[in-house]
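*Asks:* Next up is a structure, given as structure tokens.
FYI, it's all coordinate maths here, none of it is from the lab. Only a predicted model underlies this, so the values are computations on that prediction, with no experimental measurement involved. Heads up, the Cβs are rebuilt from the backbone with ideal geometry, glycines too, and the neighbour counts pull from every protein chain shown.
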Amino acid sequence: MKIILLGPPGAGKGTHAKVLSETWKVPHLATGDILRGHIKSGTDLGKKAKDVIEKGGLVSDDLVNAMMFEEISRLPKKEFILDGFPRTIGQAEALDVFLKKNHLRLDAVLDFETDENILIDRLSGRRGCPKCGANYHIRNIPPKKPGVCDKCGAALTQRKDDNPETIRNRFATYQKETSPLIQYYTNANLLVSVDANLDVPSLQKRFRTIFEELKLAV
Ligand code: AMP
């Protein structure tokens, strides 16, 4: 399975990617998580990416492409769920070239369709566990004890870029840079739109149907 999850910030790509990855045993490559890992460990890339991420802009295509191609190259089976990549036409074109060179083909691009009010609520209420990576939402997926991870007991944190001003910038960036990918992948006959307002089990069921239709489910 080689798929891309496309959609605006807060559409649920990360949450669904984690479930898909466990269900279908396919590695999940989340560009944002990988970049935040670089920031945390203080790499050169992390230093270059930090400011841009905190302002809600995009890290340059060259840096992100090189990082993601290295990640894909490391995968033993060359199967993946890409979450947050590509995010520009330049990245999508570079990915096409990379895949072709490696004799790989995408199976589908799942486009998460949702409305903006839901997105703002999802992002501003989002909390995460810095230790085990579990995701929560203060109302929709609350931890049993407020502010504490159910799985490992660590204190939950809020992403720095989940504040109102940065959220607005991230939406604007999505509209300008990323939404043209919908047409790009429609033209490539790869786009499958899904209703991201559905609850997690219902949307996962829809994914299963899509995978069956594409003969990806075994
Ligand atoms: P995410 O966790 O996917 O919401 O990504 C967080 C931030 O990381 C984004 O707002 C961007 O600043 C940066 N980022 C993630 N993916 C990309 C990408 N494909 N290209 C450029 N910047 C990215």
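*Asks:* Summing Lys, Arg as +1 and Asp, Glu as -1, what charge do residues with Cβ under 15 Å from the Cβ of Gly42 carry, Gly42 excluded?
*Replies:* Counting the neighbours of Gly42, the net charge comes to +3.
*Asks:* Taking the DSSP beta bridges in the chain as the whole, what percent of them are antiparallel, to the nearest 5?
*Replies:* Percentage antiparallel, nearest 5: 25.
*Asks:* Further, regarding this structure: With an 8 Å Cα cut-off and a minimum separation of 6 or more residues, compute the relative contact order for segment 1-153 in percent.
*Replies:* After rounding, I find 33 percent.
*Asks:* Using the Cβ atoms and a cut-off under 15 Å, what net charge is assigned to the surroundings of Asp96, where Lys and Arg are +1 and Asp and Glu are -1?
*Replies:* Details: positive: Lys2, Arg87, Lys100, Lys101, Arg105; negative: Asp61, Glu93, Asp107.
Combined, the nearby Lys, Arg, Asp and Glu give +2.
*Asks:* Normalised by the empirical 2.2 N^0.38 Å for globular proteins, what value does the Cα Rg of segment 1-75 take?
*Replies:* 1.15
*Asks:* Once you wrap a convex hull around the alpha carbon atoms of the chain, what is its projected area averaged over all directions, in nm²? Numbers along the way, then the final one.
*Replies:* Numbers: hull surface 47.4 nm².
Mean shadow area of the hull around the Cα atoms is 11.8 nm².
*Asks:* Label points 7 Å out from Cα along the Cβ direction at Gln204 and Glu22: separation in nm?
*Replies:* 0.7
*Asks:* Quick check: net charge around Tyr184, other residues with Cβ under 15 Å of its Cβ, Lys/Arg +1 and Asp/Glu -1?
*Replies:* -3
*Asks:* Now, a different point. Calculate, for Ile89 and Lys215, the FRET efficiency according to 1/(1 + (r/R0)^6) with r their C-beta to C-beta distance and R0 35 Å; round to the nearest 0.05.
*Replies:* 0.75
*Asks:* Determine ³J(HN,Hα), in whole Hz, for all residues of segment 124-138 in sequence, where each value follows from phi through the Karplus function 6.51 cos²θ - 1.76 cosθ + 1.60 and θ = phi - 60°; x replaces Gly and Pro.
*Replies:* Calculated HN-Hα couplings, in order: 6, x, 6, 9, x, 8, x, 8, 10, x, 5, 10, 9, 9, 4 Hz.
*Asks:* In nm², what is the average projected area of the convex hull enclosing the Cα atoms of segment 151-218? If you can, show how the numbers build up before the last one.
*Replies:* Numbers: hull surface 31.0 nm².
Quarter of the Cα hull surface area: 7.7 nm².
*Asks:* Distance from the Cα centre of segment 43-119 to that of segment 139-218, in angstrom?
*Replies:* Result: 15 Å between the Cα centres.
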